[in-house]
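Values in this text are rule-based calculations from the coordinates and carry no lab data. Everything numeric here is computed off the predicted structure, so don't read it as measured data. Quick reminder, even Gly has a Cβ in these numbers, built from the backbone with ideal geometry, and neighbours come from all protein chains shown.
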Amino acid sequence: MADWIKSFTEYFPNELWSIEAEELNRFSIDAWPVVIKMKQTGQTPYLPQVVFRPRFSKEVTQVLGWANQHRVPVTAWGAGSGVVGAALPTQGGILLDLSLLNKILVLDKMNLLVKVQAGLMGHYLEAELNSHGFTLNHSPQSLDRSTVGGWIATRACGQFSSRWGGIEDFALAITVALADGKTITTRLAPRAAIGPDIKSLFIGSEGTLGIVLDVTLKIFPIAETRLLETISFPSVKSGLTAMRRLMQTGLRPFLVRFYDVDESLFVARWSGITPPLGANIFILGCEGLNDMALAEYRAAMQILQSEEGVRLGPEIAQGWMDHRFDFSGVENRLAQPGGVAETIEVASLWDGILETYEALKHDLSPFAEHVLGHFSHSYPQGVSLYIILLDEVADAKSAELRLREIWDVAMRTSMAHGAAISHHHGIGLARQKYLREELGSSYDVLERVKNALDPEGILNPGKLAFRR
């Protein structure tokens, strides 16, 4: 046992911490496929030494103050659903489980705000808002397995981002515990020109600059009308052209997703409908006041049909809506020792996305039986590309090696074609070695901020390519 553990366990009440092997082991794995395969071969390289479960925000600041003084690493944990290894404790230390910080602190119906603690699960928050006639409009696929603090830490993006944006567009204020145990709360306003936006330092920082305690988010009334449609395109090029035109007109459908012919078959299965042979499936959703939603739907359909789009009806889109949180296909494959499954998302400007897609499909095809692609978060300037890879190999060790090869090829190909190496999953361990090259000279600013806010390097060490 490390010397500091005895001091720690004497300092903090017994009910707040655990050093039981079973508990430590539970926090040594998240949803990163590589670490799942490592576990299957008996490896546990990311084992914490203590699990600390605070009940109140002040207990977070107390443990950080202690850890900073004793130079003990602290890694914050939300729900463990990250798919790139961002919450894995690379240097042991204290695993800070925030699951008990799970309360709604304020529901402000006048100003359309909700203030919540960082450990609150997304689907619980959404259900509570729905019961009052409101919604977040932030709907990641991990809604039922992720926390509000995790969304902030990873710069999360939901399935309806084409209209509503990413988590940075929802978060109006945050409270953060710094490495030395002090807290800061950013100013709550609809917008303010009072210097740099301090909360943005922590959005996407993956727990390396501070630990989020609570967040104030925008909320919205539930839409009066929601319209869905499925459209078939004869090629990826025609569908992307239609998507670009749609987003550049000023229309903002809440649902804009486009699947290549390989993934279209997987998406259509939920509806029981077989898409036309060779179809690339586009799903569209418009919502709001009835007249507004209907007008947007008609205008959007006019654009899509002018680019060779053929209306198929709402059934496939509705099937996707009904099953959009289903991640079982990837999970079931990963549960098999030789199962290979990976999801990699990048982003590109419109003038580079088709070339990036074609290059990734080509370069990754030797590494998986199925290489599926879809475009799921779109903007007037560009779009994200999501690649899903599925295969079977001999055993878990072979699967781990295959996944590492896949990551290297995917990152190198993306950078070679000018695409951003992540759209919303973050960096974690999966993208660690590519970050400095990706950020170039701007990385120096990030490192200076880290040195200023966490000079002892205790917060989630070994992440964001920091040297400590």
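For the stretch 3-99, what mean projected area does the convex hull of the alpha carbons give, in nm²? If you can, show how the numbers build up before the last one.
Values: hull surface 24.1 nm².
Averaging across all directions leaves 6.0 nm² for the Cα convex hull.
Mind computing the radius of gyration and Dmax over the alpha-carbon atoms of the stretch 328-430? Å is fine for both.
13.6, 44
Reachable lysines from Lys237, Cα under 29 Å, same-chain residues fewer than 8 places away excluded?
Within reach: Lys361.
Which of the peptides 150-159, 367-376 is most tightly packed, and how do the rest follow, going by the mean number of other Cβ atoms within 10 Å of each residue? Before the final figure, lay out each step's value.
Values: 150-159: 26.4, 367-376: 19.7.
With the highest mean Cβ count within 10 Å placed first, the list reads 150-159, 367-376.
What aspartates and glutamates does Lys6 reach when the alpha-carbon gap must be under 16 Å and sequence neighbours fewer than 8 apart in one chain are set aside?
Output for Lys6: Glu15, Glu20.
Using 7 Å Cα-to-Cβ label points, what is the Tyr124/Val106 separation (nm, one decimal)?
Here the modelled spin labels are 2.1 nm apart.
Hey, which of these cross-link pairs are over 22 Å Cα-Cα: Lys115/Lys199; Lys199/Lys463; Lys103/Lys218; Lys37/Lys463; Lys115/Lys463; Lys218/Lys450? All intermediate terms of the calculation are to be shown ahead of the outcome.
Numbers: Lys115/Lys199 15 Å; Lys199/Lys463 20 Å; Lys103/Lys218 17 Å; Lys37/Lys463 20 Å; Lys115/Lys463 28 Å; Lys218/Lys450 29 Å.
In this structure, Lys115/Lys463; Lys218/Lys450 lie more than 22 Å apart at Cα.
From the C-alpha gyration tensor of the stretch 225-322, pull out the three semi-axes of the equivalent ellipsoid (sqrt of 5λ each), sorted largest to smallest, in whole Å.
Details: eigenvalues 84, 52, 18 Å².
For the stretch 225-322, the ellipsoid semi-axes come out as 21, 16, 10 Å.
Mind ranking 218-224, 133-139, 202-208 by how tightly packed they are, going by the mean number of other C-beta atoms within 10 angstrom, highest first?
Final packing ranking: 202-208, 133-139, 218-224.
Where does each of 407-415, 11-19, 179-187 land if you order them by average Cβ count within 10 Å, highest first?
Working: 407-415: 18.9, 11-19: 14.0, 179-187: 16.0.
The most tightly packed comes first, giving 407-415, 179-187, 11-19.
Sorted from largest down, give the three principal axis spans of the alpha carbons of the chain, whole angstrom values.
For the chain, the Cα extents along the three principal axes come out at 69, 58, 42 Å.
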